[in-house]
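Just so it is clear, none of the values below were taken in a lab; they were calculated from the coordinates. From a predicted model like this one, the values you see are computed outputs, not experimental measurements. Backbone-built Cβ (ideal geometry, glycine too); neighbour counts: all protein chains shown.
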Amino acid sequence: MIRKKVFTVLICFLTVCGYGISPDFDLTPRIEDGVLVYPVPPRDSGQRNVLALRCEPLEKVRIAVIGLGMRGRSMALSFAQVPDTEITVVCDKDPKAVRQIIRDLKGRGEPEPAAFTGADDWKEICRRDDVDLVCIFTPWALHTPIAVEAMKNGKHAAVEVPAALTLRECWELVDTAEKTRRHCMMMENCNYDFFELATLNMAQQGLFGEIVHAEGAYIHDLRSMHFAEEGEEGHYSDMWRLKESQKRTGNLYPTHGLGPIAHILNIHRGDKIDVLVSLSTNQFGMTEYAGRKFGEDSDYAKTDYKLGDMNTTVVRTGKGKTMMIQHDVTSPRPYSRIHLVSGTNGFARKYPVEQIALEPNAHNPVSKAELRALLKKYEHPITTEYKRMAKKVGGHGGMDFIMHARLIYCLKNGLPLDQDVYDAAEWSAFCELTEVSSAGNGIPVRFPDFTRGEWSELDGVKYYMAGE
């Protein structure tokens, strides 16, 4: 009776919020044996999966950059330093940002790109014949619409995280990629961190034995940025990220911690996410911070922020592995992605300090000298290839540049991308599903299979090289 009442309340919550209901397909979940189950839309006739998708090689990759605010400008300059690329189009609603990036590019000796400043100019940009790749650095709400428009017009899409905010958007990305046979990559840069790449290599070479459990997180105190008004350092245009915190709870930014461990566990490449359970704390930190900065009687302090301070989500995979993912952007604590990998023969963790422990002495981490030796021995070939240039260009320690270089490398060589549209959908689906589970007092949610039953077609994650 209690479970039935919780489910009834939950369905009302979903209907009011507009989540899960598609004009083309009814995504209303049902409850089966105490688990919330979402229906999987069937593929249209002639539509097929894009696992390990290969597209025609590009001699030069012509890039349109849409969104030049918090992240777009630095990412455009990073892309510009990858060989065989050209920024042909730039777009932002702020003309100053557009003028600045044009000055930056011309200062590097790059050709002057076409410039757009209209709110809907991205639609025209996606139709241009001088663009191969559309890179999207806008606020979250525009990520899926622009990516879909790009693919429909024959362009590849690279979109900032998260790629989608709802299940409907996730399915829209998947179906558009499958119908158009275009790449859609969510730019999850943490997959290219040196330590994360090393642990991927270690896992693939069997150093940890059978991987049993992994953990990831996005623990990053963003209160000063959420409440930064125009002109203050860290300001988000129109304070859009603060407004997201007013509307939703759950894990709104799951992918930095989730992406690397999802690849280590071969999600949709031999295993799949099966069931998710999520709980959030109440909200405390935003109100406390707003009261200190603006006064307890300020509108900021009196606003109802729905985003709980800490969200913890536990996942069980089809093969009986588990993951734990956390999200906290409102607590005063050191930054952490956790990045923990635990297997039958060993363990690795990145935060708060890098550690590796191996049998037969896994009760204690290896010494600092042994750790350095292991990281050198298992340095991922991609790190070896790009680390010198990555450290020079920068961007979160160089992982941004490696991500950009790998994307361009794969497009130039007609290779499958390191991250595909199913990664984008799976990792982004946590946004809605954690909110739904949390609203239902931790109700288990059956995770949708975005490959529609083909999750075991590939045998493990592979970062392709020319000739493969």
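Quick notes on this one:
- Among the trypsin sites (Lys or Arg not before Pro) in region 178-211, those placed in a DSSP loop whose Cβ has at most 15 other Cβ atoms within 10 Å are Arg181.
- Residue-span extension gain [Asp297 to Asp129] - 0.36 nm each, minus C-alpha spacing: 55.1 nm
- Inter-label distance, nm, simple model (7 Å from Cα along the C-beta direction), Ala357/Glu229: 5.0
- Ranked by how many other beta carbons lie within 10 Å on average, peptides 239-249, 416-426 from highest: 416-426, 239-249
- Between region 120-149 and region 57-99, the alpha-carbon centres lie 12 Å apart.
- Quotient of C-alpha Rg and 2.2 N^0.38 Å, computed over region 110-215: 1.34
- Fully extending the segment from His213 to Gln246, taken as 0.36 nm per residue of separation minus the present Cα-Cα distance, adds 8.6 nm.
- Cα→Cβ-extended label distance, 7 Å offset, between Lys368 and Lys96, nm: 4.5
- From most to least packed by mean Cβ count within 10 Å, the peptides 186-199, 290-303, 262-275 give 186-199, 262-275, 290-303.
- Gyration tensor (alpha-carbon) shape descriptor, the chain, a/c threshold 1.5: rounded
- Here the peptides 124-134, 41-51, 216-226 are ranked by packing, the mean other Cβ count within 10 Å, and the order with the highest first is 216-226, 124-134, 41-51.
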